[in-house]
Amino acid sequence: MKFASLGLIDPLLRALDTLDYKTPTPVQAQAIPAVLAGRDLMAAAQTGTGKTAGFALPLLQRLAAQTAPVASNAVRVLVLVPTRELAVQVHESFVQYGKNLSLRTAVAYGGVSINPQMMALRKGLDVLVATPGRLLDLYSQNAVKFNQVQTLVLDEADRMLDLGFSRELDAVLAELPRRVQTLLFSATFSEAIRTLAGKLLLDPLVIEVNRRNAAAKSVRQWVIPVDKKCKDELFLHLLKKKRWGQVLVFVKTRKGVDQLVATLLAQGISADSIHGDKPQPARLRALERFKAAEVKLLVATDVAARGLDIDDLPVVVNFDLPIVAEDYIHRIGRTGRAGATGEAVSLVCADEVQLLAAIETLTGKILPRVEEIGFLPDHRVPLTDAGGQVIKKPKKPKKAKAFTTVPNREAKNAPKRNDAKRNDAKRNDAKRSRRPK
Ligand code: AMP
């Protein structure tokens, strides 16, 4: 199938040509005609499926057909996203796809000065991509008006709820015109998302490109059991042994990120980091350096899991498993994108077995375990089943048996431990039977 057969106009087709997009992905093939026709959408499409073009292309086309200018501070298409990184990336996509059209677009997120965002809004915008908190700030300062909003896109809606944006979201929704075309994208469909969809969507086209909550198929995933204290060493060993090129590494805490980066730099390996403590310009710089292959390793917390658009990234390493199982799917969505194959490796210690079980329940499959010689854990990682159950308790390291130190000759004559127990029991029985009743 060709993009032209979806009814896209020439300026968009030319932009796609320069990006070398040859055929629409399944989510694009379904979403583009529906959005062009003005329908609502409920799409279970994870990152890497091409969902951004799935909504951006038809929305740009609808905007291009409008002749009336947009009023000052007004917005026609409002795209809400959970993180700053995703905001930048989605806005970039609008700019790339719309480069042959003269539409006004802008991006707004927190952590940076609000003034340039207010300036951008002054003349009115065809598209505003924003995080919910900053959008409300702008609204409370009368810098943005919602009365001309025609389309609302909720991108990665599950993540917005996970990050605690539901109040902000409700506040924005309450201010929008009564009927707007609404496109809801979510990697997973929790009950909360279904409730939200029930409130917002009118006869939506439902698109489910992957099995519900299933991870992308083109990613080879496996687990290496390891003791917590050996993770650094194992990771350095794998880097060398596997000759990985660029790797995106996920670590649970900000402190953990900084420690791993320090270890890598001390080994002469180029690395940078992205986490919530870093100011936004520093995060974007780290991402740019990684994209430009100036650094080999990007170490990130889950803040960065959404919104990183890095093409053909071959390897994602989960140095720590995520606390929220659904983040696993988002993390590994960085690799195996747009048809490429990828690897997702998780270094798992005994403490993390419940997190592993939760991921296996969510994805409906047991992740294969591959032991790495030289790194077999002292604290075994208990086995799990796809029902999310830990099926074996960790074995404690065996204590040396007392009688193994007894010389052989004596050992033969010495009572065995069970014999000794049995004899004790006999003696106790005898004592009891002797007691007066
Ligand atoms: P997304 O799921 O929207 O984050 O897109 C994932 C990646 O696939 C991005 O790098 C896009 O540039 C790329 N992409 C999207 N649609 C296509 C397509 N039809 N052909 C080739 N690459 C695409």
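Tell me, what are the semi-axes, in whole angstrom and largest first, of the equivalent ellipsoid of the stretch 3-208 as set by the roots of 5 times the Cα gyration tensor eigenvalues?
Result for the stretch 3-208: semi-axes of 24, 21, 15 Å.
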> Among the listed pairs K240/K291; K231/K291; K22/K240; K145/K255; K296/K365, which are separated by more than 29 Å between their Cα atoms?
Replying inline: K22/K240; K145/K255; K296/K365
> When ranked by the protection proxy of mean other Cβ atoms within 10 Å per residue, highest first, what sequence do the peptides 321-329, 237-245 form?
Replying inline: 321-329, 237-245
> What is the distance, in nm, between label points placed 7 Å from the Cα along the Cα-to-Cβ direction at Q141 and at V112?
Replying inline: 1.4
>> I want to check the label-to-label distance for K228 and A71. Put each point 7 Å from Cα in the C-beta direction and report it in nm to one decimal.
In response: 5.8
> Which net charge results when you count Lys and Arg as +1 and Asp and Glu as -1 among the other residues whose beta-carbon is under 15 Å from that of K99?
Replying inline: -3
>> Taking 8 Å as the Cα distance limit and 6 or more residues as the minimum spacing, I'd like the relative contact order of the stretch 3-208 as a percentage.
In response: 29
>> When a/c reaches 1.5 or more, the comparison of a/b and b/c decides; with that in mind, is the stretch 1-68 rounded, prolate or oblate per its Cα gyration tensor?
In response: oblate
>> For H379, H330, which order do you get if you count the other beta carbons within 10 Å of each Cβ and list the fewest first?
In response: H379, H330
> Counting Lys +1, Arg +1, Asp -1, Glu -1, what net charge surrounds V261 among other residues with beta carbon under 15 Å of its beta carbon?
Replying inline: +3
> What aspartates and glutamates could a cross-link reach from K99, if we take a straight Cα to Cα line under 17 Å and drop same-chain neighbours fewer than 8 places away?
Replying inline: D10, D17, D20, D126
>> Around R122, under 13 Å between beta carbons, what's the net of Lys plus Arg minus Asp minus Glu among the other residues?
In response: +3
> Quick one: which of 14-27, 273-286, 73-86 comes out on top by average Cβ neighbours within 10 Å, and what's the full order, highest first?
Replying inline: 73-86, 273-286, 14-27
> Which ³J(HN,Hα) values, rounded to whole Hz and listed in residue order, are derived for the stretch 46-52 from phi using the Karplus coefficients 6.51, -1.76 and 1.60 in 6.51 cos²θ - 1.76 cosθ + 1.60 with θ = phi - 60°, glycine and proline given as x?
Replying inline: 8, 4, x, 8, x, 5, 4
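Laboratory data are not the source of any read-out in this text; all were calculated from the coordinates shown. As the structure is a computational prediction, the values presented were derived from the model and not from experiment. Cβ coordinates were reconstructed from backbone atoms using ideal geometry, including for glycine residues, and neighbour counts include every protein chain displayed.
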